[in-house]
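Data block below; observations after.
The values are calculated or read from the model by the stated rules, or taken from the named source; none is laboratory data. In this text the structure is predicted, and so the values were computed from the model without any measurement. Backbone-built Cβ (ideal geometry, glycine too); neighbour counts: all protein chains shown.
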Amino acid sequence: MVPFQEIPDEMGTNGSQILPTSERQVRPMTKLEPHKQQEVWLTAVELAGGKVPTGRIVKDVVQRIMERTKIPNTYQIGEVCQILTKDNPELRGKGEQREKVRSS
């Protein structure tokens with residue numbers, strides 16, 4: 001379960017009196033540092049026209065921030081690597097598969 005009550009406290013007085021009203025709005029932000037959570041929330045509120053944003057809006061803003069701060073792929077085309085599913089819920093059930101790295 002997401003520590004729902006903790007995130008608004010960490011957000012502090014971020015210039016917005018609009019706080020999350022559901023776990024759907026909070027869950028995507030749990031992967032981020034508190035200062036990034038503030039940035040996401042303020043951006044999401046702005047995109048929602050100054051109202052409480054939907055969980056989808058928050059999720060989209062988080063994805064944009066995570067893409068912006070992605071670690072570059074250091075592998076070369078044709079190089080063989082192993083994809084580890086450990087600590088990556090998106091890859092659960094897809095372990096022990098080896099693939100050639102394709103252009104990123």
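Every condition in (1) at pLDDT 90 or above; (2) exposed (fewer than 13 other Cβ atoms within 10 Å of the Cβ) holds for Glu6 except the one numbered (1).
Thr13 meets all of the listed conditions (1) at pLDDT 95 or above; (2) in a loop (DSSP other than H, G, I, E, B); (3) β-branched (Val, Ile, Thr) but one, namely (1). Residues in the stretch 16-34 that are modelled with pLDDT under 90 and either exposed (fewer than 11 other Cβ atoms within 10 Å of the Cβ) or part of a helix (DSSP H, G or I) (or both): Gln17, Lys31, Glu33. A residue that is out of contact with any Ser or Thr (no Cβ under 8 Å at 6 or more places or on another chain), among the hydroxyl-bearing types (Ser, Thr, Tyr) and modelled with pLDDT of 90 or more occurs somewhere in the stretch 51-63.
Residues of the stretch 75-90 include none that is surrounded by 12 or more Cβ atoms within 10 Å (Cβ to Cβ), part of a helix (DSSP H, G or I) and either modelled with pLDDT under 70 or under 12 Å from the mean Cα position of the chain (by Cα) (or both).
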